1. Failed condition for E45, given (1) under 30 Å from E208 (Cβ atoms); (2) out of contact with any Asp or Glu (no Cβ under 9 Å at 6 or more places or on another chain); (3) in contact (Cβ under 8 Å) with a residue 40 or more places away in the chain, with all others met?
2. For region 41-145, list the helices (runs of 4 or more DSSP H) that sit wholly inside it and hold at least 1 residues that are loosely packed, with under 15 Cβ neighbours inside 10 Å and of a type in the set (G, A, S); which are they?
3. With P175, P155 as the choices, which residue is under 17 Å from the mean Cα position of the chain (by Cα) and within 14 Å of F126 (Cβ to Cβ)?
4. Name every residue in region 161-186 that is touching a helix residue (DSSP H, G or I) at 6+ places or on another chain (Cβ under 7 Å) and either crowded, with 22+ Cβ neighbours inside 10 Å or not hydrophobic (A, V, I, L, M, F, W, C) (or both), in order of residue number.
5. Tally the residues that are within 27 Å of G71 (Cα to Cα) and in contact (Cβ under 8 Å) with a residue 40 or more places away in the chain, restricting the search to region 105-135.
6. Taking region 60-83 on its own, how many of its residues are touching a Pro at 6+ places or on another chain (Cβ under 8 Å) and modelled with pLDDT under 95?
7. Does any residue in region 206-226 that is closer than 22 Å to P152 by Cα come within less than 9 Å, Cβ to Cβ, of a residue that is in a helix (DSSP H, G or I) and hydroxyl-bearing (S, T, Y) six or more places away or on a different chain, and which pairs are these?
Amino acid sequence: MSETDTDIKKRDRRAKVIGLVGYAVSRFIGLTLRIKYKNIERVDEIVKANNGGILVTWHGRTLIPANVFKGRGFWALISLSKDGEAQNYVFRRYGYQTIRGSTGRGGVKAALMLAKKVNEGGVLAFTPDGPRGPTHKVQEGTIFFAQRSGRPIIPLGLSANPRKLLKSWDSYMIPRPFAKAAFVVGDPIFVSPTATDEEKTAIAIQLEAALNACEREAENMVGLTA
């Protein structure tokens with residue numbers, strides 16, 4: 001059964017309310033965090049040197065970077081799901097430019113558009129294990145963007161203490177207000193335009209290891225063990 005105009009309006013209003021609340025809460029938390037950075041200067045250096053880049057962190061650790069990179073016009077890929085409506089509202093409020101779609105079935109056009117934006121010098125903020133997991137497992141989307149655009153992948157590791165880990169597939173991390181937080185930037189990873197399937201698989205494993213290493217370091221910086 002197709003949606004009526006009334007159903008669509010109700011869904012849009014609900015997404016806007018959820019998005020507004022989500023933004024307000026996450027922004028308040030972000031403003032109170034005491035963040036320690038490691039190699040944060042690398043982000044601008046790498047992006048400038050390569051005329052674009054792809055920032056990646058695990059799906060469950062996006063609250064801190066969303067705040068840190070607020071208002072910089074970075075790009076994000078937001079799913080067409082009902083949850084994606086609220087997420088799109090939140091990211092727009094944070095100053096991100098968004099394209100709706102996915103890197104999977106039915107999302108080829110959106111993925112190609114984003115790769116083009118990165119190739120033109122844009123910065124993509126991406127979660128390589130999203131949107132549904134498995135958690136901490138790099139999917140093909142990140143490798144696709146890097147290969148297609150010729151721009152580097154920049155791994156980010158985040159942590160906070162104290163915090164709440166939700167009982168979701170990604171164990172989404174919500175720092176407590178005024179928590180200590182850590183933000184670690186790893187070395188850039190490139191994907192050759194002629195990379196074979198075997199080489200891309202190896203790069204995905206390399207990226208997983210880099211992200212996990214950055215996250216472990218961030219955990220240690222706030223007094224936690226990964």
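The values are calculated or read from the model by the stated rules, or taken from the named source; none is laboratory data. Remember, predicted model here, so these are calculated numbers, not experimental data. Here Cβ is always computed from backbone atoms with ideal geometry, including for glycine, and neighbour counts include all displayed protein chains.
1. Here E45 meets the rest and fails (3).
2. Values: elements: 41-50, 63-68, 82-93, 108-119.
Once the helices (runs of 4 or more DSSP H) in region 41-145 are filtered for at least 1 residues that are loosely packed, with under 15 Cβ neighbours inside 10 Å and of a type in the set (G, A, S), what remains is 41-50.
3. Values: P175 fails: within 14 Å of F126 (Cβ to Cβ).
Every option except P155 fails the conditions.
4. Those that are touching a helix residue (DSSP H, G or I) at 6+ places or on another chain (Cβ under 7 Å) and either crowded, with 22+ Cβ neighbours inside 10 Å or not hydrophobic (A, V, I, L, M, F, W, C) (or both): D170, S171, Y172, P175, P177, A181, A182, F183, V184, G186.
5. The number of residues fulfilling the criteria is 15.
6. Applying the first criterion (touching a Pro at 6+ places or on another chain (Cβ under 8 Å)) to region 60-83 yields 63-64, 79, 81.
Checking the rest, the ones that are also modelled with pLDDT under 95 come to 79, 81.
Qualifying residue count for the region: 2.
7. Pairs that qualify, where the first residue is closer than 22 Å to P152 by Cα and the partner is in a helix (DSSP H, G or I) and hydroxyl-bearing (S, T, Y), are L207/T142.
Conditions tested, residue by residue: (1) of a type in the set (V, I, T); (2) farther than 21 Å from F91 by Cβ; (3) modelled with pLDDT under 95.
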position	(1), (2), (3)
L124	no, no, no
F145	no, no, yes
R148	no, yes, yes
R151	no, no, no
I154	yes, no, no
P162	no, yes, no
W169	no, no, yes
